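Shown next, in structure tokens, is the structure this report addresses.
The values are calculated or read from the model by the stated rules, or taken from the named source; none is laboratory data. Because the structure is a prediction, the values reported are computed rather than measured. Here Cβ is always computed from backbone atoms with ideal geometry, including for glycine, and neighbour counts include all displayed protein chains. Please note that ligands, DNA and RNA were not included when accessible areas were found on the heavy atoms of the full protein model with its side chains. Shrake-Rupley method; radii C 1.70, N 1.55, O 1.52, S 1.80 Å.
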Amino acid sequence: MGRVAQWCRVARVHPTALDALLAGVLFLVSLLRKALGQLRSAVRAVRDELTTQHGVRRRDEEPTAPSEPAPSLNRLDALVECFAAGQPVRWKLGGQPRPLPSVVDVAAYRIIEESLTNARRHAPGAAVAVRLRYDPDGLTIEVRDEGPPTGTAGAGAGLLGMRKRAESVGGTFSAGPRPEGGFLVRAVLPAPEEEAG
């Protein structure tokens, strides 16, 4: 109680000094609060990124059988041929193909693989078109089926997995029914020419 009374006397005798001190303390508190908020946001973003990266990496790094080659767009012919056995699948290439960073190459292959799996599941027998376009900034993937007007249903685990895979390499992902019928999956994956290989 004595200290409070002492501060009150100081405040009456030197009001501007106390105001300046109080303003300084409040300013420091506001800076600390802002810094803590930014730190919390940064920690949350890093945690989310590590969770996403770890989840995708664990699936990509599962040991494969010795006879099974690693997922790569170099094996796109074999992938399309496998799906074409029960469904007409055609693919088209645009731009100048080039080596991609391995994480982008694997992500692209897996997105196409999952898109073809979804087309087989939700639009059996419908024609499917796969389009790859290389440009100086990266790779665009489009997989579209000619299924019924309702197209592939919902935002299932496959679509969420593809979105996470695209975003894990800094890309974008969209999927949904086409106005003229069927379903379209589109991913844009960054892979600047100077980072190829």
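A few points about this structure:
One line per residue, one yes/no per condition, for (1) of a type outside the set (Gly, Ala, Ser); (2) within 15 Å of ALA175 (Cβ to Cβ); (3) in a strand (DSSP E or B):
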residue: ARG75; (1), (2), (3): yes, no, no
residue: GLN87; (1), (2), (3): yes, no, no
residue: TRP91; (1), (2), (3): yes, no, yes
residue: GLN96; (1), (2), (3): yes, no, no
residue: VAL104; (1), (2), (3): yes, no, no
residue: LEU116; (1), (2), (3): yes, yes, no
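- Residue in segment 171-181 that is under 17 Å from the mean Cα position of the chain (by Cα) and not in a strand (DSSP E or B) present: yes
- The set of residues from segment 60-79 being in contact with a Lys or Arg (Cβ under 8 Å, 6 or more places away or on another chain) and either open to solvent by 100 Å² or more (accessible area, probe 1.4 Å) or at pLDDT 85 or above (or both) comprises just one member, PRO71.
- Residue count for segment 136-157, restricted to those that are open to solvent by 20 Å² or more (accessible area, probe 1.4 Å), under 17 Å from ARG110 (Cβ atoms) and modelled with pLDDT under 95: 2
- Cβ-Cβ under 9 Å pairs, at least 6 apart or on other chains, segment 176-187 side on the phi > 0 side of the Ramachandran plot, far side open to solvent by 80 Å² or more (accessible area, probe 1.4 Å): GLY181/GLU146; GLY181/PRO149; GLY181/THR150; GLY182/GLU146; GLY182/PRO149
- Some residue of segment 29-38 being touching a Lys or Arg at 6+ places or on another chain (Cβ under 9 Å), at pLDDT 65 or above and either more than 18 Å from MET162 (Cβ to Cβ) or open to solvent by 90 Å² or more (accessible area, probe 1.4 Å) (or both): no
- Single match in ARG163, ARG90, ARG133 (criterion: within 18 Å of the chain's Cα centre (by Cα) and open to solvent by 60 Å² or more (accessible area, probe 1.4 Å)): ARG163
- Selection within segment 95-130: residues that are aliphatic (A, V, I, L, M) and more than 21 Å from the chain's Cα centre (by Cα). The member of this set that is surrounded by the most Cβ atoms within 10 Å (Cβ to Cβ) is ALA119.
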